[in-house]
Structure formats: structure tokens, C-alpha cells
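All of the numbers you see were taken from the coordinates with simple rules; none came from a lab. Since the structure is predicted, the reported quantities are computational estimates derived from the model, not experimental observations. Cβ: placed from backbone, ideal geometry, glycine included. Neighbour counts: every protein chain shown.
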Amino acid sequence: ARKRLLKLKKTPAITKDGTPVTLLANIELPEDCPGALDAGAAGVGLFRSEFLFMGRAGHKMPGEDEQFEQYRKAVLAMKGRPVTIRTLDIGADKPLDTTEHNALNPALGLRAIRYCLAEPQMFLTQLRAILRASAYGKVRILIPMLAHAFEIDQSLNMIRQAKEELRDEGVKFDEAVEVGAMIEIPAAALALPMFIRRLDFFSIGTNDLIQYALAIDRVDYEVAHLYNPLHPAVLQLIAMTIATAKKAGKDVAVCGEMAGDVKLTRLLLGMGLREFSMHPAQLLAVKQEILNADLPAITPYTRKIMRSMEPNEIARAVEQLQVM
Ligand code: PEP
Ligand code: MG
């Protein structure tokens, strides 16, 4: 089966009825890029930059030059394909050695963009490094855990400041670099127009979206059985985000685990999703699902699923989608 999948590497990801779909890779380090290309990824949809910061000896954060080298390495390795670099998403399940986290509810605490805005010097350093890498290929900046308009505005101001500094120093970068948001807090999905007005693209982080919508710690095994991507509330949040972003003409992807689950590929296609970002190991299997998917059949059936609030009915209907 693996051999058959490998043959799909160069096959364009197009549904049975001729609709193109973009398949991107999630990476943790630049070293993951060759594997992403091997799987036929059209680019990097999520570079989890925190892995450059984690597990470092001596409580030391990577400086601007070191970060720049790593981002540039990824950009060059992807040979002109877009690389979406997510700004530091530490805290909760991804602790940083240099931070003393004693929060009672780390998932609800000072993580990701909240931490970055509380440490502006560190954030600025990362933004400068990312911008510098944008001179070497197509780079997009993705900001995690946004919920408030002022967080978006502050982040954009920081990017503006980083650009101004580089300009003054005569350092090259892409002036038109796109800035996007992870949609992974239910408040963000529900207030998407607030984001659409300010940002260029969106990536739905279903791992956290499920955690926050269902109020279950994603790393607590005692509530793992409550973690359900098919909960009707979760599906509504995802479908709404896709529809609202598309209506505004903005790119929207899913980059959480759901994007790499072949049992959910057709459901996401039926919701209108055309951009999936996942672990490279899942990419060819998802592509196979896409090649066999018939949107004129799947789309109306998915609309029907979205009207259901009965978990058993939804689960059965999603199974039905597999054989359509
Ligand atoms: C997510 O939350 O779905 C996501 C892609 O980000 P992470 O898993 O790194 O939190
Ligand atoms: Mg997340």
C-alpha cells in the first residue's frame, strides 16, 4: 500500500471533479523539509518555531542570527514553495526551560502570543529573524492563540517596527510578507470578521480548538475520551471559519491533526476546505482520498451532516462519506 502511495508523489492533488487542493507540511525543524518535499508537499503550512527554542541547555534562547539561519535553511530547502513560520507557541504542553511556569491552568495562561507580547524584545528578535529570511523565498508569518483585536493590532505593530528597523539598517526582506492567525480559540472562530479585517490568511488549529471548545486539557489522559473532533460544536466552529474566510476571499487552512486524518478528509472538503497542512507522513494518504473525492456528491451531504446535532448520526454520516 505504501508503494502505491509513493507513486502519488508527483500526482497533482485534484478531486475527481477537477478541483485543486493544496497539501502542505507541518514541520518542527528545517531538517524536516526534505521529508516534506519527498511527500510532495506544496509548501510548509506550519513551521512550529518553538522547537528551535525548546530543550536547549543553559536556559538560553536562540539569538536573531541563529534563528535567521534556521528559518532561511527551511526557506531554501523548500525551493521557492511558501513557508509559513508560526511565531513562538510555548507554554502549556510546550514549556520553555527559561520560563518558570507555575500557572494552575497553563493551557489558559501566558502561552503563545500572550507570552510573546509580554516579552516584546524576544518577540521582536524573532520577527526580525523571520523577516530577514523572507528575502530568500516566500515566507508567511502565522501568529498562534490570538483572541483579542488588541493582540492582533499589537502583533502587527511589532511587525511594523521590525520592518522599520531592518529598513533603516538596509537589511533586505519581503515588504509584502503576509501575516495570518491560527484560529484555535473558539472566540476567534466566532468573531472571525474582527480577524479578517486585519489579517491576510488563517489556519485552523483543531488541536487547541477542540481543547478549548470542549474544555478538556489535551494532555490530560483522564479526559482523553472526551476529546472528540466530531462533536457538533467543533464541526460548527470549523465550518463557520472556513465559510466566513472564503467569503471574504482569504486563504484558510486546517493545520491541526484533523487535516491529516483520512477519515475526515471528505468531511473537510465538504465544508469547503481546499488547504490542508499535516505531518508529511500523512500527506500521500490524504492525497489519495482527495483524488477519489467527488465534491458534487460530498458537498450537499456534508451540509446535511452540519445540520445534525446528534453525535451518533454524525459519526454514521461521516462513515457514509467514506464510501461515496
Ligand atoms: C493546533 O492547535 O491544532 C495546532 C496545529 O498547533 P499545536 O498543535 O502546535 O498547538
Ligand atoms: Mg495550537
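A few points about this structure:
- Subset tally (residues that are surrounded by 20 or more Cβ atoms within 10 Å (Cβ to Cβ) and in contact with a Pro (Cβ under 6 Å, 6 or more places away or on another chain)) for the stretch 1-40: 3
- The criterion of being free of Cβ contacts under 8 Å to residues at least 40 places away in the same chain and in contact with a Lys or Arg (Cβ under 6 Å, 6 or more places away or on another chain) does not hold for GLU69.
- All of ILE242, ILE238 fail the test of being touching a strand residue (DSSP E or B) at 6+ places or on another chain (Cβ under 8 Å), away from ligand 2 (no atom under 16 Å from the Cβ) and assigned to a helix (DSSP H, G or I), apart from ILE242.
- Among (1) within 25 Å of ALA191 (Cα to Cα); (2) among the aliphatic types (A, V, I, L, M); (3) within 13 Å of ligand 1 (Cβ to nearest atom), the one test that VAL44 misses: (1)
- Selected residue [on the phi < 0 side of the Ramachandran plot, among the small types (Gly, Ala, Ser) and surrounded by 15 or more Cβ atoms within 10 Å (Cβ to Cβ)] from ALA317, ALA248: ALA317
- Scanning the stretch 244-298 for residues that are within 18 Å of the chain's Cα centre (by Cα) and of a type in the set (Asp, Glu), we see that the one that is nearest to ligand 1 (Cβ to nearest atom) is GLU257.
- Residue that is nearest to ALA189 (Cα to Cα), among those in the stretch 208-226 that are more than 12 Å from ligand 1 (Cβ to nearest atom) and crowded, with 17+ Cβ neighbours inside 10 Å: LEU214
- Here LEU52 meets each of (1) in contact with a Pro (Cβ under 9 Å, 6 or more places away or on another chain); (2) of a type in the set (A, V, I, L, M); (3) touching a residue at least 24 places away in the same chain (Cβ under 8 Å) with one exception, condition (3).
- Candidates in the stretch 180-219 are the residues that are within 16 Å of ligand 2 (Cβ to nearest atom) and of a type in the set (Asp, Glu); of these, the one that is farthest from ALA259 (Cα to Cα) is ASP217.
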